[in-house]
Amino acid sequence: MSHMKALKCRECGKEYPKEALHVCELCFGPLEVSYEYEAIKKALNRKEIEKRPPNMWRYKELLPLEGEPTVGFEVGYTPLIRARNLEKALGVKELYIKNDAVNFPTLSFKDRVVAVAVSRARELGFTTIACASTGNLANSVAANSAACGMSSYVFIPSDLEQTKIQGTTVYGSNVVAIRGTYDEVNRLCSEIAGKYGWAFVNINMRPYYAEGSKTFGYEIAEQLGWKLPKHIVVPMAGGSLITKIWKAFKEFHTLGLIDKVDTKVYGAQATGCCPIVTALKEGSELIRPVRPNTIAKSLAIGNPADGFYSAKVMKDSGGWGEDVSDDEIIDSMKLLAETEGVFAETAGGVTLGVARKLIEQKRIPRDESIVVSVTGNGLKTLEALNGKIRTPVVINAKLSEFDELVATNKGYAVKV
Ligand SMILES: *Cc1c(COP(=O)(O)O)cnc(C)c1O
Ligand SMILES: [Zn+2]
């Protein structure tokens, strides 16, 4: 049974029917899904959730579907790793990695939002799924549409990583690469959505899509034994994920699933595209759009739709925001791989880099629990590491050549 009540304007509170709508016609505020929490409280408790299969649908009462999901059954419930080696490297006491680099099926947190948006689009009778994407959304829309027999149109900036492009076209999706930034792609897509009547997961389906991100937060709470970390660092592109993690924590508290919400939420961006962090640091309510220039292409949104609300989450929770350079991003990708064996994409380098900065600044104390959100897989952004990591030593298949290598310690140290 569905507990979804209506769509509701975040600004003026006007309610709308549960259709493919995303903007308030009175005040242009964004629409958000509202729920019948009293009914959910009766249906959901810790024991009930724990009995269910390990995927994001274990929290289905809190997701905006009328019936059962029809795609993405295996998405979510990714590992929350206690990062002991990284704790030592950073000199902190309790650090976790929430690892959506291994989300199913396309190795990023976007599989969560797409599973919800596509299932909802099908309930509303759409036959074509579409999106404007910085890469990971493209992969997930293409894969999930293929898996449920829908056709898909994916719009991307033409300078995206090759891996993210091929990781979309392989599913047979119609991919259109636009000469321009993500923000220009997005603007075009708003026009296409109106004209062609497709379900754009992050435009006309955005209120439903965004709710999928809450499961990232629910899982952290459950995996920590029904409590929250003191600090969580979250990467920001459009700023949706960070606001929905906060909503997830609040909802769990409303439902009595956790005792209190005393988590400080920190937003992470790349210096080459940090409009939200800049506004936060300047104490400005206004997010000034920028033209992105960073290797963290998945986060390269210069005009973030949820910028205002994500800044508010950081302020309301007592957290903060920071940004890191491309060199710092690569350094943190390597640190995570070398200490924990987790290969995150550039966005993961942004998050860990910012976490390190905030620890150095003493904004995050060393003796309290910290979660670092890894949202995408390093195999998808290999080109960012060209020339930045070790290359193999090449020899002929002769023992003498290997002996020579060991004796001279050429290339890199060979342990014997
Ligand atoms: C899209 C994306 C994000 C952030 O998403 P928003 O909800 O738009 O802030 C973070 N990490 C990765 C890897 C992404 O692809
Ligand atoms: Zn309104």
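As a length-normalised measure over Cα pairs under 8 Å and 6 or more apart, the relative contact order of the stretch 268-315 settles at 41 percent.
Take every DSSP beta bridge whose two residues both sit in the stretch 219-368, then give the antiparallel share in percent to the nearest 5.
Just about 10 percent of them are antiparallel.
When peptides 242-250, 171-179 are sorted by average Cβ neighbour count within 10 Å, with the highest value leading, the order is 242-250, 171-179.
Averaged over residues, the count of other Cβ atoms within 10 Å places the peptides 51-59, 140-148 in the sequence 140-148, 51-59, highest first. Under a 5 Å amide H to amide H cut-off, with H placed in plane at 1.01 Å, what residues pair with Val23 once short-range neighbours are removed? Long-range HN contacts for Val23: Leu31. Sequence-distant contacts, meaning Cα pairs under 8 Å at least 6 residues apart, place the relative contact order of the chain at 16 percent. Working from label points 7 Å from Cα in the Cα-to-Cβ sense, the Asp316 to Glu11 distance is 1.7 nm.
Annotation: amide H-H contacts under 5 Å for Val175 (H modelled 1.01 Å from N, sequence separation of 5 or more, or interchain): Val154.
Please name whichever of Tyr59, Ser145, Thr128 sits farthest to the positive end of the charge dipole of the stretch 52-145, dipole taken about the Cα centre and charges placed at Cβ: Lys and Arg +1, Asp and Glu -1. With unit charges placed on the Cβ atoms, the residue in question is Tyr59. Considering only Gly239, Gly318, Gly378, the Gaussian network model of the chain with Cα springs below 10 Å gives its largest mean-square fluctuation to Gly318. Across Tyr16, Tyr182, Tyr196, mean-square fluctuation computed from a Gaussian network of the chain (C-alpha pairs under 10 Å connected) peaks at Tyr196. Rounded to the nearest 10 degrees, the angle from helix 214-223 to the longest Cα principal axis of the chain is 60 degrees.
Take every DSSP beta bridge with both residues inside the chain and express the antiparallel ones as a percent of the total, to the nearest 5. Among the beta bridges of the chain, antiparallel pairing accounts for roughly 30 percent. Each part reduced to its alpha carbon centroid, the stretch 7-76 and the stretch 99-142 end up 16 Å apart. Ordering of 220-230, 253-263 by packing is 220-230, 253-263, highest average first (other Cβ atoms within 10 Å, averaged per residue). For the chain, the 222 nm mean residue ellipticity estimated from helices alone, with every DSSP H stretch of n ≥ 4 adding -39500 (n - 2.57) and the total spread over all residues, rounds to -11500 deg cm²/dmol.
Length gained on full extension, Asp367 to Ala177: 63.7 nm, using 0.36 nm per residue less the C-alpha separation.
Taking θ as phi - 60° and the Karplus parameters 6.51, -1.76 and 1.60, the scalar couplings of the stretch 140-154 work out to 6, 4, 5, 5, 5, 5, 4, 5, 10, x, 9, 8, 9, 10, 10 Hz in sequence order, x denoting glycine and proline.
In this structure, the amide hydrogen of Ala237, modeled 1.01 Å from its nitrogen in the peptide plane, lies closer than 5 angstrom to no residue at least 5 positions away or on a different chain. For the residue pairs Lys60/Lys244; Lys14/Lys281; Lys214/Lys297; Lys88/Lys110, the C-alpha atoms sit more than 21 angstrom apart in Lys14/Lys281; Lys214/Lys297; Lys88/Lys110. Which residue fluctuates the most in the chain, going by a Gaussian network model with Cα springs under 10 Å, if the choices are Glu383, Glu401, Glu66? Maximum among the listed residues: Glu401.
Taking the Cα centre of the chain as origin and charging only Cβ (+1 Lys, Arg; -1 Asp, Glu), how large is the dipole, in debye to the nearest 20?
Here the chain has a charge dipole of around 560 debye.
Between Lys42 and Glu282, the contour length at 0.36 nm per residue exceeds the alpha carbon distance by 82.0 nm.
Bear in mind these aren't lab numbers, they're just calculated from the coordinates by the rules spelled out. Just so it is clear, the structure is predicted and the values come from calculations on it, not from any experiment. A quick note on method: Cβ atoms are made from the backbone with ideal geometry, for glycine too, and the neighbour counts reach across all protein chains shown.
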